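Asker: Below you'll find the structure I mean.
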Amino acid sequence: MTKIKIDGFQLFCMMFIFILGSTLLLDIGKAAKQDAWIVPLLATIFGCVLYLVYISLYKRYPNIPLTGYLIKIWGKYVGSAISFCYIIYFVYIASRVLRDFEELLISSSYYVTSIITLGICMTFVLIYSIHLGIEAFARVTCLCFVVILLTLFILNVLYVVGGYIKVENLQPVLANGWGNIGKELVPLGITVPFGELITFTMILPYLNKKSQAAIIGLSAIISASPFSFKLR
């Protein structure tokens with residue numbers, strides 16, 4: 001295994017930002033109306049369970065990524081085919097998220113800029129970060145984490161001071177039953193972003209203290225989840 005290593009805080013920052021990701025652009029839970037707060041609560045529980053599944057596999061094969069131990073589990077041919085499918089999945093997720101942010105930028109600050117130009121610029125940034133390596137990427141993520149955390153703190157303070165948070169909007173609880181909650185939870189509420197955390201099975205082998213993988217991941221999921229959903 002390569003000597004490239006990241007520490008626990010860097011992994012936490014990467015997972016925190018990953019969970020936020022483009023989920024902020026989605027309106028998960030809207031159909032549940034005043035019960036929308038229940039959707040992220042249940043999704044977080046399922047997300048923790050999913051992550052523990054990933055950790056159980058990681059503990060069996062701590063020094064190789066997902067695409068490596070799939071071959072060990074399923075054999076050379078079947079495992080290679082499944083690994084290839086996951087690679088295609090990772091590429092698809094990255095492409096979709098890139099498109100989401102292109103649409104966001106075009107509809108707001110860069111409305112006179114070509115969407116192709118934005119995509120090319122962001123792609124070159126990604127290529128450069130890959131060239132620098134996972135360690136450099138992890139260090140930059142820590143800086144971004146501080147900026148994002150400060151921004152979220154200020155926004156939430158302004159929400160409270162401005163009187164936008166009204167507890168009475170959460171009532172009546174479960175007035176329409178569990179039907180709408182279930183539709184919002186499955187599959188989108190679970191798969192975005194928690195199902196996508198499987199991408200970290202490619203990064204966990206670089207963690208310098210492997211025993212911290214479970215607690216760091218669960219901490220990131222629990223702390224980032226309240227910010228990753230739009231509560232109505």
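Asker: Among the residues of region 162-177, how many are free of Cβ contacts under 8 Å to residues at least 60 places away in the same chain, more than 18 Å from Phe227 (Cα to Cα) and open to solvent by 60 Å² or more (accessible area, probe 1.4 Å)?
Answerer: Here the count works out to 1.
Asker: For Asp7, all conditions in the list (1) touching a Lys or Arg at 6+ places or on another chain (Cβ under 8 Å); (2) surrounded by fewer than 19 Cβ atoms within 10 Å (Cβ to Cβ); (3) modelled with pLDDT under 90 hold save one; what is the number of the exception?
Answerer: (3)
Asker: To continue, here is another question. Looking only at region 88-118, count how many residues are among the hydrophobic types (A, V, I, L, M, F, W, C) and open to solvent by less than 50 Å² (accessible area, probe 1.4 Å).
Answerer: Number satisfying all stated conditions: 8.
Asker: Might you check whether a residue that is of a type in the set (Gly, Ala, Ser), in contact (Cβ under 8 Å) with a residue 24 or more places away in the chain and touching a Ser or Thr at 6+ places or on another chain (Cβ under 7 Å) occurs anywhere in region 218-231?
Answerer: So the first thing to find is which residues in region 218-231 are of a type in the set (Gly, Ala, Ser), and the list is 219-220, 223-225, 228.
Next, from what is left, pick out any that are in contact (Cβ under 8 Å) with a residue 24 or more places away in the chain: 219-220, 223-225, 228.
Filter once more, so that each one left must be touching a Ser or Thr at 6+ places or on another chain (Cβ under 7 Å): 225, 228.
Yes; the residues of region 218-231 include at least one that is of a type in the set (Gly, Ala, Ser), in contact (Cβ under 8 Å) with a residue 24 or more places away in the chain and touching a Ser or Thr at 6+ places or on another chain (Cβ under 7 Å).
Asker: When you check Val53 against the structure, is it modelled with pLDDT of 90 or more, under 30 Å from Gln171 (Cβ atoms) and either in contact with a strand residue (DSSP E or B) (Cβ under 7 Å, 6 or more places away or on another chain) or aliphatic (A, V, I, L, M) (or both), yes or no?
Answerer: When the stated conditions are applied, Val53 does not pass them.
Asker: Would you mention how many residues in region 138-161 are open to solvent by less than 90 Å² (accessible area, probe 1.4 Å), without any contact (Cβ under 8 Å) to a residue 12 or more places away in the chain and within 24 Å of Leu204 (Cα to Cα)? Write out each step before concluding.
Answerer: Taking region 138-161 and keeping what is open to solvent by less than 90 Å² (accessible area, probe 1.4 Å), we get 138, 140-142, 144-149, 151-152, 154-157.
Now drop any that are not without any contact (Cβ under 8 Å) to a residue 12 or more places away in the chain, which leaves 140, 146-147, 149, 151, 154-157.
Of the ones still in play, those that are also within 24 Å of Leu204 (Cα to Cα) are 140, 146, 149.
Qualifying residue count, region 138-161: 3.
Every residue, every condition in (1) in a helix (DSSP H, G or I); (2) in contact with a Lys or Arg (Cβ under 7 Å, 6 or more places away or on another chain); (3) farther than 23 Å from Lys3 by Cα, yes or no:
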site	(1), (2), (3)
His131	yes, no, no
Thr151	yes, no, yes
Ile154	yes, no, yes
Ile165	no, no, yes
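Asker: Using the structure shown, decide if Ile216 is modelled with pLDDT of 80 or more, open to solvent by 80 Å² or more (accessible area, probe 1.4 Å) and part of a helix (DSSP H, G or I). Give the steps one after another, and end with the answer.
Answerer: Working: modelled with pLDDT of 80 or more: yes; open to solvent by 80 Å² or more (accessible area, probe 1.4 Å): no; part of a helix (DSSP H, G or I): yes.
No; evaluated as a whole, the condition is false for this residue.
Asker: Applying the selection to region 178-194, what residues are open to solvent by 20 Å² or more (accessible area, probe 1.4 Å) and either part of a helix (DSSP H, G or I) or in contact with a His (Cβ under 9 Å, 6 or more places away or on another chain) (or both)?
Answerer: Hits for region 178-194 are Gly179, Asn180, Gly182, Lys183, Glu184, Val186, Pro187, Leu188, Ile190, Thr191.
Asker: If you don't mind, there's one more thing I want to ask. Residue by residue through region 195-209, note down the ones that are over 15 Å from Phe12 (Cβ atoms) and either aliphatic (A, V, I, L, M) or open to solvent by 60 Å² or more (accessible area, probe 1.4 Å) (or both).
Answerer: Ile198, Met202
Asker: Within region 56-79, how many residues are open to solvent by less than 90 Å² (accessible area, probe 1.4 Å) and farther than 27 Å from Gly217 by Cβ?
Answerer: 2
The values are calculated or read from the model by the stated rules, or taken from the named source; none is laboratory data. Quick caveat, the model's predicted, so the values are computed rather than measured. Quick reminder, even Gly has a Cβ in these numbers, built from the backbone with ideal geometry, and neighbours come from all protein chains shown. SASA here: full protein model, heavy atoms, side chains in, ligands and nucleic acids out. Shrake-Rupley method; radii C 1.70, N 1.55, O 1.52, S 1.80 Å.
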